[in-house]
Amino acid sequence: MKKQARLLLLTLPLLVLASCTPFKHAQTSVSEVSGNRTEYKIMLEKDAKDYLEIVDVRLINSENMTGENAQFRVVDFDGSTTLLNLTGYDKFYVLATIGNSDLSPDRAIVTYKTEPEGDNKTEVVKPLIPETEE
């Protein structure tokens with residue numbers, strides 16, 4: 001019995017590490033942009049040495065189960081440079097723009113790769129915009 005308990009204690013951290021995503025959602029801001037479109041500026045953080053490629057971003061309203069694939073680009077922390085390779089960056093923004101102003105998304109589905117020739121993986125970023133405290 002003690003051997004099983006020790007084995008469980010040793011494998012538990014591995015299970016926790018295996019379930020982690022390669023990035024962490026830090027914050028999101030929303031702004032109106034030209035052409036009656038809405039831009040969501042999603043800040044993500046990761047380990048600078050890790051490879052990460054953002055493949056797709058879909059913004060979702062979970063209440064009415066609607067969503068829209070966003071036009072997106074990945075930029076550095078000050079927003080001045082579009083990034084094609086995220087290696088070496090520990091913080092960056094995904095600028096996701098949609099045309100449906102009635103959507104009011106509460107989460108984003110980010111499709112990504114952790115290896116150049118690797119499989120696509122998805123992560124749900126929620127809440128997209130934290131509720132404000134009153």
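Derivation of every value follows stated rules applied to the coordinates shown; laboratory data play no part. The model shown is predicted, which means the values in this text are computed figures rather than measured ones. With ideal geometry, Cβ positions are generated from the backbone for all residues, glycine too; neighbour counts draw on all protein chains shown.
First obtain the Kirkwood hydrodynamic radius of region 23-125 from its Cα pairs, then insert it into the Stokes-Einstein equation at 10 °C and 1.306 mPa s, and state the resulting D in µm² per second as a whole number.
In µm²/s, the coefficient rounds to 114.
Pop out the ³J(HN,Hα) list for region 94-104 in order, Karplus 6.51 cos²θ - 1.76 cosθ + 1.60 with θ = phi - 60°, rounded to Hz; leave Gly and Pro as x.
For region 94-104, the Karplus-derived couplings read 9, 9, 10, 10, 10, x, 8, 6, 7, 5, 6 Hz, x marking Gly and Pro.
Quick one: Cα centre-to-centre distance for region 82-134 and region 23-67, in angstrom?
So the two Cα centres are separated by 3 Å.
R107's amide H: which non-local residues (gap 5+, or another chain) put their own amide H closer than 5 Å, with H modeled 1.01 Å from N in plane and none for Pro or chain starts?
Sorted by chain and number, the residues that satisfy this are I60, S62, L128.
Which net charge results for the neighbourhood of T122, defined as the other residues with beta-carbon distances under 15 angstrom from its beta-carbon, given Lys and Arg at +1 and Asp and Glu at -1?
Here the charged neighbours net out to +1.
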